[in-house]
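For reference, the structure is listed below as structure tokens.
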Amino acid sequence: MIRFLVPMASGFAAYAAMLIVSQRLLAGDPDYSTAIRIALSLAPMAPAAFLCWTIVRSIGRLDEMQRKLQLEALALAFAGTALITFGYGFLEGVGLPKLSMFIVWPLMATLWVIGVLVGRVRYG
Amino acid sequence: MKNRIRELRRQRDWSQSDLGARLGVSRQTVNALERGRYDPSLPLAFSIARLFGMTIEEIFEPEQE
């Protein structure tokens, strides 16, 4: 568990730090070129990519039952996110407020956690 | 699937973690196996049988259809 938590915590800390720095730089100097503004706005994605690599590597190290549990949880997250985001897309067409794309990942992560909890009850 | 894993483990005074370490799986997987909540793959079933010095059929009891 420690082997998973330490890189995850480091990755999240790096992501938060990079996000704060990039947002402050972007807000502080509007004369940056477009290329620099793009680079700064995407800078938090580097630690985010490290987080993704950590998660994929951790799943690769799981035993067969844990992999099955994760597969089922990810399937729930994938299908649930598709249903909810498409459903809300239709609702936007009838006047509900448009939401940012930033909402998709927290939604998927929440459904993933729910899927893992359901799996733990099923296999526990 | 019903099985004798818990009985065989206790005969050897192993904890679930001990058995998991010997099989290369997590304690949670051992618990799920013992409770019949998870059926092992064929390679894992062979590993379990080999560890206890028995056949798969002597450890696992398929559900009656």
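The values are calculated or read from the model by the stated rules, or taken from the named source; none is laboratory data. All values derive from a computational prediction rather than experimental measurement. Here the Cβ is made from the backbone with ideal geometry for all residues, glycine too, and neighbour counts use every protein chain on show.
Scanning the range A:21-48 for residues that are out of contact with any helix residue (DSSP H, G or I) (no Cβ under 6 Å at 6 or more places or on another chain), farther than 16 Å from A:Phe102 by Cα and among the aliphatic types (A, V, I, L, M) yields a count of 7. Taking the range A:4-118 and the helices (runs of 4 or more DSSP H) fully enclosed by it, the elements with 3 or more residues that are among the β-branched types (Val, Ile, Thr) and either touching a residue at least 40 places away in the same chain (Cβ under 8 Å) or more than 30 Å from B:Ile48 (Cβ to Cβ) (or both) are at A:34-42, A:64-92. So is A:Ala9 exposed (fewer than 12 other Cβ atoms within 10 Å of the Cβ), at pLDDT below 95, away from every other protein chain (no Cβ under 14 Å) and closer than 30 Å to B:Ala32 by Cα or not? So A:Ala9 passes the test. Can B:Ala49 be described as free of Cβ contacts under 8 Å to residues at least 12 places away in the same chain, within 14 Å of chain A (Cβ to nearest Cβ) and of a type in the set (Gly, Ala, Ser)? It is false that B:Ala49 is free of Cβ contacts under 8 Å to residues at least 12 places away in the same chain, within 14 Å of chain A (Cβ to nearest Cβ) and of a type in the set (Gly, Ala, Ser). When the range A:48-83 is limited to residues that are of a type in the set (D, E, K, R) and more than 25 Å from A:Ala9 (Cβ to Cβ), the one that is nearest to the other protein chains (Cβ to nearest Cβ) turns out to be A:Glu64. Residue count for the range A:61-111 satisfying the condition of being within 12 Å of the chain's Cα centre (by Cα) and loosely packed, with under 11 Cβ neighbours inside 10 Å: 3.
Residue-level check: of (1) more than 16 Å from the chain's Cα centre (by Cα); (2) closer than 28 Å to A:Arg122 by Cβ, A:Thr54 misses just (1).
Looking across the range B:1-46 at every residue that is surrounded by fewer than 16 Cβ atoms within 10 Å (Cβ to Cβ), among the hydroxyl-bearing types (Ser, Thr, Tyr) and part of a loop (DSSP other than H, G, I, E, B), the one that is farthest from the other protein chains (Cβ to nearest Cβ) is identified as B:Ser15.
Answer with yes or no whether A:Tyr15 is buried (at least 16 other Cβ atoms within 10 Å of the Cβ) and within 14 Å of chain B (Cβ to nearest Cβ). So A:Tyr15 fails the test. Out of the range A:2-37, which residues are aliphatic (A, V, I, L, M) and within 18 Å of the chain's Cα centre (by Cα)? The answer is A:Leu5, A:Val6, A:Met8, A:Ala9, A:Ala13, A:Ala14, A:Ala16, A:Ala17, A:Met18, A:Leu19, A:Ile20.
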